[in-house]
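The values are calculated or read from the model by the stated rules, or taken from the named source; none is laboratory data. Please read all numbers here as calculations on a predicted model, not as lab measurements. Note that each Cβ is placed from the backbone with ideal geometry, even for glycine, and that neighbours are counted across all protein chains shown. For the accessible areas, the whole protein counts, side chains as well, though only heavy atoms, and no ligand, DNA or RNA atoms are used. Shrake-Rupley method; radii C 1.70, N 1.55, O 1.52, S 1.80 Å.
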Amino acid sequence: MFDDTREFIEALRASGDLVEVEKEVSWDLELGAISRLACEKDGPAIWFKRIADYPDDITVLVNPMATWRRVAMAFGLAPDASIKDIYREYEKREGKLIPPVTVERGPCHEVVRRGSEVDLFDLPAPMLHEGDGGRYLGTWDLVVSRDPASQWVNWGTYRFMLYDSSHLTGFPRPTSHLGKMFQDYYVPRGEPMPIAIVIGADPLSHFAASATFHLGGDEAGLAGGLRGEPVDLVRCRTSDLLVPACAEIVIEGEVLPDRVGLEGPYGEYPGYRTGEMGNGILFRATAITHRKHPIFTVDATGYKDDSSTVTALSGALAIQKRLERHGVPVVDVYMPPEGAVHLAIVAVQYGGKEVARNILETLTSRRALISKIFMVEADIDIFDMGKVLHAFSTKCHPAHGVHVIHYEGRANTLTPCYSQGERVAQKGATVLFDCTWPGEWSREWETPVKATFDSIYSESVRRKVLERWRDYGFDK
Amino acid sequence: MVSTNERKSWETFVRRPGDLREGAELPLALRDLNPGRKKYSVRHVVATVSRNPEEMPHVDTLFVRTVVGVLLPETWGITILRDLPIEVPGKPYHDFFASLKAAARDGDKT
């Protein structure tokens, strides 16, 4: 398993999943434009070797896990493993947490700058999209925070915008684990919250930080479970927080409980820049530590970015478990990359109004990140969007098959279709399209019979046709 | 006056079309558009703005973007009167612009 970003880069290079750009590029939009186009073309990861205004000893790696090939490789699977195989592998590993190990020293402390030596502009944070509020450096990061009351340590991936030499502004959503910890413990006490922004850890630690994991969950243990071995952690230089020892860069500091700065707007993972601006948090840096020749990691946020694989995969399995706990006859869940973590396909043994209502209530009770759900029967291959679309188009009753739940105070404020007013109130809705046959229909007399090759012919006819397929004159 | 004879370029974001008013002293978050490693660094100021910068030879240039980041076609002139602290007193997850306005008001009282 990969112990750091450098080992992963070597593997990507060997498999042909990496482009190394030797030509100097500007951090001001050029790097972002290249990286965005690469994402939209399902292209390789990119390692930019020369960034204008910056010395050559700091480089930038973009889109490390934005394709299923690269996710498969991060898990140690063959690059051409199927999405279904990757899902099953994650499912197998995520249940076995392996706690991290604390070590005395780590490469992330090869260079240490504190106090007045800290200049956040020393990091080549790119201006990713024209019109963003600023240069973002927390797009492929792992933010460590701790709840003093419970000693729970949270790892999450949260965006941060470069503000001045020692400040960042950020927008971990108020309903996120970090946002909740900050508001529940630190803000009422007026205490700054220490955090560490880790850039360029090993790929599965980033995966664990980005994963949809339960409140109070141990993402460091999850990272160990996914890796099959513990993550080595080392103590920060200006706080007691522990960070992956092999990280490329660590920004240490604190989120201020009674001070603010302007954050956003930003072109986020749904693929749009919504009007989310000026409602975030302010961070003051106390130290920057890094390896020699550090590699700054970036997700070119937007359509088909790293979240469309990483967050979607873990999110789908988290949804499945939640639905199982709430008695939904769920068989499988898939969140397609094109759905931008807003769309879930839920396969069930049987559907109907009650099941639909149960799914909607379960998935919107705390925070409602998913706004569209297709409920299909188990005979649909949910990893094949063509089949899902066919089921939706033909089986979802346009009046009785559409179920909606409304909520306030927990909607996803980054959902592009919400108005500015809805965003402020965190008001939204989730719709479920029931693409299953009504249970009360007689299978013999009323339910339409599916007329596809796999379903309408006897096994003997299918076998005969398949055996003679090439003889009929077909190539494949 | 903090502005100098060297004309600089700044950019600000506004929530609504009427948020920039000529003649009034406005608290603004400006980002520096001048080239270099510190491009897009942020500064909090109190400033006056004008729709006719060409009539004011010693003012800086201000570009304006909307809440969704769209650059408006009009270029404004800006005179920076004074700086405000980079750490603005205010409640996290609440309206920054209200906090900036309060910081400017409180600064006027002291």
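Only a single item in (1) assigned to a strand (DSSP E or B); (2) more than 11 Å from chain B (Cβ to nearest Cβ); (3) over 22 Å from A:V111 (Cα atoms) is not met by A:G217, and it is number (1). Taking into account only those residues within the range A:128-137 that are at the interface with chain B (Cβ under 7 Å from one of its Cβ atoms) and not charged (D, E, K, R), which is surrounded by the most Cβ atoms within 10 Å (Cβ to Cβ)? Checked the range A:128-137; the qualifying residue surrounded by the most Cβ atoms within 10 Å (Cβ to Cβ) is A:G133. Selection of first residues in the range A:165-188 that are within 11 Å of chain B (Cβ to nearest Cβ) and of second residues that are hydroxyl-bearing (S, T, Y), restricted to Cβ pairs under 6 Å at least 6 apart or on distinct chains, gives the following pairs, ordered by first then second residue: A:T169/A:Y163; A:G170/A:Y158; A:P172/A:Y158; A:P174/B:Y93. Among the residues of the range B:16-32, those that are part of a loop (DSSP other than H, G, I, E, B) and open to solvent by 60 Å² or more (accessible area, probe 1.4 Å) comprise B:R16, B:R21, B:E22, B:G23, B:E25.
Inspection of the range A:290-300 identifies no residue that is assigned to a strand (DSSP E or B), in contact (Cβ under 8 Å) with a residue 24 or more places away in the chain and within 9 Å of chain B (Cβ to nearest Cβ). Only one of the numbered conditions (1) touching a His at 6+ places or on another chain (Cβ under 9 Å); (2) more than 30 Å from A:R237 (Cα to Cα) is violated by A:R325, and that is (1).
Condition check for A:I359 on (1) in contact with a His (Cβ under 7 Å, 6 or more places away or on another chain); (2) part of a helix (DSSP H, G or I): one failure, at (1). Condition first: open to solvent by 10 Å² or more (accessible area, probe 1.4 Å) and touching a residue at least 60 places away in the same chain (Cβ under 8 Å). Now tell me which residues in the range A:373-412 satisfy that. Of everything in the range A:373-412, those that are open to solvent by 10 Å² or more (accessible area, probe 1.4 Å) and touching a residue at least 60 places away in the same chain (Cβ under 8 Å) turn out to be A:F374, A:E377, A:D379, A:F383, A:R410. Filtering the range A:340-349 to residues that are open to solvent by 10 Å² or more (accessible area, probe 1.4 Å) and under 19 Å from the mean Cα position of the chain (by Cα) leaves A:A340, A:V341, A:H342, A:L343. Scanning the range A:88-102 for residues that are touching a residue at least 40 places away in the same chain (Cβ under 8 Å) and open to solvent by less than 40 Å² (accessible area, probe 1.4 Å) returns A:Y90, A:R93, A:E94.
Determine, yes or no, whether A:L313 is open to solvent by 10 Å² or more (accessible area, probe 1.4 Å) and either aromatic (F, W, Y) or under 17 Å from the mean Cα position of the chain (by Cα) (or both). Spelling it out, it is not the case that A:L313 is open to solvent by 10 Å² or more (accessible area, probe 1.4 Å) and either aromatic (F, W, Y) or under 17 Å from the mean Cα position of the chain (by Cα) (or both).
Within the range A:148-164, being away from chain B (no Cβ under 14 Å), open to solvent by less than 30 Å² (accessible area, probe 1.4 Å) and not in a loop (DSSP other than H, G, I, E, B) holds for A:N154, A:W155, A:G156.
Under the condition of being among the aliphatic types (A, V, I, L, M) and in contact with a Gly (Cβ under 9 Å, 6 or more places away or on another chain), the residues counted in the range B:16-38 number 1.
Within the range A:245-258, restricting attention to residues that are touching a helix residue (DSSP H, G or I) at 6+ places or on another chain (Cβ under 9 Å) and facing chain B (nearest Cβ under 8 Å), the residue that is surrounded by the most Cβ atoms within 10 Å (Cβ to Cβ) is A:V255. If you go through the range A:350-359 and keep only what is more than 16 Å from A:E440 (Cβ to Cβ) and surrounded by fewer than 21 Cβ atoms within 10 Å (Cβ to Cβ), you end up with A:R357, A:N358. Across the range A:165-186, the number of residues qualifying as assigned to a loop (DSSP other than H, G, I, E, B) and either under 21 Å from the mean Cα position of the chain (by Cα) or not assigned by TED's automatic domain parsing to the domain that holds A:G271 (or both) comes to 6. The set of residues in the range A:112-127 that are surrounded by 14 or more Cβ atoms within 10 Å (Cβ to Cβ) and either outside the structural domain of A:I51 (by TED's automatic domain parsing) or outside any loop (DSSP other than H, G, I, E, B) (or both) comprises A:V112, A:R113, A:R114, A:L120, A:F121, A:D122, A:M127.
Residues that are at the interface with chain A (Cβ under 10 Å from one of its Cβ atoms) and open to solvent by 30 Å² or more (accessible area, probe 1.4 Å) were ranked within the range B:33-52; the one that is farthest from the chain's Cα centre (by Cα) is B:R37. Applying the condition of being part of a strand (DSSP E or B) and of a type outside the set (A, V, I, L, M) to the range A:23-70 and asking which residue is surrounded by the fewest Cβ atoms within 10 Å (Cβ to Cβ) yields A:D28. Specify the residue that is most open to solvent (accessible area, probe 1.4 Å); the eligible residues are those in the range B:59-107 that are charged (D, E, K, R), at the interface with chain A (Cβ under 9 Å from one of its Cβ atoms) and without any contact (Cβ under 8 Å) to a residue 12 or more places away in the chain. Only one residue fits best here, namely B:K91.
Based on this model, can you work out whether A:A223 counts as among the small types (G, A, S) and modelled with pLDDT under 95? Against the criterion (among the small types (G, A, S) and modelled with pLDDT under 95), A:A223 does not qualify.
Yes or no, residue by residue, for (1) over 24 Å from the mean Cα position of the chain (by Cα); (2) closer than 19 Å to A:N358 by Cβ; (3) among the acidic types (D, E); (4) not assigned by TED's automatic domain parsing to the domain that holds A:E377:
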{"position": "A:C396", "(1), (2), (3), (4)": "yes, yes, no, no"}
{"position": "A:G401", "(1), (2), (3), (4)": "yes, yes, no, no"}
{"position": "A:I405", "(1), (2), (3), (4)": "yes, yes, no, no"}
{"position": "A:G409", "(1), (2), (3), (4)": "no, no, no, no"}
{"position": "A:N412", "(1), (2), (3), (4)": "no, no, no, no"}
{"position": "A:T415", "(1), (2), (3), (4)": "no, no, no, no"}
{"position": "A:G421", "(1), (2), (3), (4)": "yes, no, no, no"}
{"position": "A:V424", "(1), (2), (3), (4)": "no, no, no, no"}
{"position": "A:T430", "(1), (2), (3), (4)": "no, yes, no, no"}
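Among the residues that make up the range A:229-244, is at least one of them away from every other protein chain (no Cβ under 14 Å), at pLDDT 95 or above, under 17 Å from the mean Cα position of the chain (by Cα) and more than 28 Å from A:L29 (Cα to Cα)? Taking every residue of the range A:229-244 in turn, none turns out to be away from every other protein chain (no Cβ under 14 Å), at pLDDT 95 or above, under 17 Å from the mean Cα position of the chain (by Cα) and more than 28 Å from A:L29 (Cα to Cα). Could you please find all residues in the range B:1-15 being part of a strand (DSSP E or B) and not hydrophobic (A, V, I, L, M, F, W, C)? Within the range B:1-15, B:S9, B:E11, B:T12 qualify.
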